[in-house]
1. Does GLY119 fit the bill of being over 27 Å from LEU285 (Cα atoms) and not in a helix (DSSP H, G or I)?
2. Counting only residues that are closer than 28 Å to ALA291 by Cα and among the hydrophobic types (A, V, I, L, M, F, W, C), which one in the range 177-196 is most open to solvent (accessible area, probe 1.4 Å)?
3. Look at the range 39-72 and say how many of its residues are assigned to a helix (DSSP H, G or I) and either open to solvent by less than 60 Å² (accessible area, probe 1.4 Å) or among the hydrophobic types (A, V, I, L, M, F, W, C) (or both).
4. Inside the range 240-272, can you point out the residues that are under 16 Å from LEU89 (Cα atoms), in a helix (DSSP H, G or I) and of a type in the set (A, V, I, L, M)?
5. Please determine whether any residue of the range 139-159 is without any contact (Cβ under 8 Å) to a residue 40 or more places away in the chain and more than 30 Å from PHE245 (Cβ to Cβ).
6. Got a number for residues in the range 73-91 being of a type outside the set (A, V, I, L, M) and surrounded by fewer than 17 Cβ atoms within 10 Å (Cβ to Cβ)?
Amino acid sequence: MTATLDRPVKKPTFQGVSGRRRVTDVMARVLVTGSVLLALVPLVWVLVTVIAKGLPALTSATWFTNSLNGLSASAEGGGIYHALIGTILQGLVCAVLSIPIGLFVAVYLVEYANGSRLGRLTTFMVDILSGVPSIVAALFIYALWIATFGFPKSAFAVSLALVLLMVPVVIRSTEEMLRIVPQDLREASFALGVPKWKTIMRIVIPTALPGIITGVMLALARVLGETAPLLILVGYAPFINFDMFNGEMGSLPGVMVAEMNNPTPAGANRIWGAALTLILLIAVLNIAAKAIGHLSRVRSK
């Protein structure tokens with residue numbers, strides 16, 4: 001009788017993992033790990049090469065404080081100050097124009113579209129704009145801003161082309177962040193009699209703000225390295241120019257393009273130094289995005 005009571009009523013649910021499943025699991029892990037390592041090889045190779053060849057330029061005392069104005073092709077020295085300022089100015093103007101547009105469009109798609117024809121059309125156009133090459137955006141701005149309206153080539157035209165590349169990224173990232181905000185928060189606000197626009201401003205956007213900021217910073221980092229708009233819409237200047245609407249302006253990609261035809265060691269140092277400076281600038285933006293997102297989460301708790 002005791003032996004009968006000690007028997008389990010039914011077989012245990014967990015029967016153990018068979019040898020075939022264990023082999024399959026190990027093979028999958030090996031394939032995934034190998035794929036990751038294979039993808040890291042060229043990335044690490046590029047990074048190590050750029051650091052090794054660009055670090056001598058960055059360690060120069062005049063790299064971040066001087067421009068290349070007045071220097072001959074073979075002359076050593078000078079710096080990247082003019083190009084760094086130009087890249088930052090173009091990126092700031094692009095961000096000022098792109099962020100409000102991307103934020104408002106994302107809010108419309110998430111909160112107001114509700115599957116409407118305009119919402120579907122907007123989503124379709126954002127998808128198309130996300131795949132537009134940078135040279136196509138630059139040619140469009142050239143045809144509209146310069147050829148049609150008659151404005152001169154300028155850094156502002158470059159910023160307009162970058163807006164076309166940045167807006168869809170901002171819309172997509174903001175849209176995803178707004179969608180993960182729990183619907184219960186909206187309904188609780190509506191139940192208290194709060195209007196929809198105030199619910200969006202006071203509840204939805206602050207809740208999604210860390211992710212929105214991260215997406216915006218990553219989108220800005222993505223467009224700062226574009227070269228096609230610079231080649232088509234503005235000339236390269238080896239001196240500092242703060243005027244966004246007139247004259248040529250230096251930029252980090254512009255330095256690399258301008259020095260490509262310089263066969264001297266000085267030209268190679270400037271190319272690799274500009275490349276490393278651009279990587280560091282993008283890395284700073286990424287770190288800033290992570291830090292801002294973390295601080296926003298801490299304050300919201």
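The values are calculated or read from the model by the stated rules, or taken from the named source; none is laboratory data. The structure presented is a predicted model; accordingly, all values stated were derived computationally and were not measured. All Cβ positions, glycine included, derive from the backbone under ideal geometry; neighbour counts span all protein chains shown. The protein model used for the area step is the full one, side chains on, heavy atoms only, and it has no ligands, DNA or RNA in it. Shrake-Rupley method; radii C 1.70, N 1.55, O 1.52, S 1.80 Å.
1. Values: over 27 Å from LEU285 (Cα atoms): yes; not in a helix (DSSP H, G or I): no.
Against the criterion (over 27 Å from LEU285 (Cα atoms) and not in a helix (DSSP H, G or I)), GLY119 does not qualify.
2. ILE180
3. Of the residues in the range 39-72, 17 are assigned to a helix (DSSP H, G or I) and either open to solvent by less than 60 Å² (accessible area, probe 1.4 Å) or among the hydrophobic types (A, V, I, L, M, F, W, C) (or both).
4. Scanning the range 240-272 gives LEU252, VAL255.
5. Scanning the range 139-159, I find no residue that is without any contact (Cβ under 8 Å) to a residue 40 or more places away in the chain and more than 30 Å from PHE245 (Cβ to Cβ), so the answer is no.
6. Step one: list which residues in the range 73-91 are of a type outside the set (A, V, I, L, M), which gives 74, 76-79, 81-82, 86-87, 90-91.
Imposing the further condition that a residue be surrounded by fewer than 17 Cβ atoms within 10 Å (Cβ to Cβ) reduces the set to 74, 76-77.
Result for the range 73-91: 3.
For (1) buried (at least 20 other Cβ atoms within 10 Å of the Cβ); (2) outside any helix (DSSP H, G or I); (3) at negative phi, each residue gets a yes or a no:
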residue	(1), (2), (3)
ILE101	no, no, yes
LEU109	yes, no, yes
ASN114	no, yes, no
VAL132	no, yes, yes
ALA143	no, no, yes
ALA147	no, no, yes
VAL170	yes, no, yes
LYS198	no, no, yes
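For every residue, the table says whether it meets (1) within 19 Å of the chain's Cα centre (by Cα); (2) open to solvent by less than 20 Å² (accessible area, probe 1.4 Å).
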{"residue": "LEU231", "(1), (2)": "no, no"}
{"residue": "ALA237", "(1), (2)": "no, yes"}
{"residue": "THR264", "(1), (2)": "no, no"}
{"residue": "GLY267", "(1), (2)": "no, yes"}
{"residue": "ILE271", "(1), (2)": "no, no"}
{"residue": "VAL284", "(1), (2)": "yes, no"}
{"residue": "ALA288", "(1), (2)": "yes, no"}
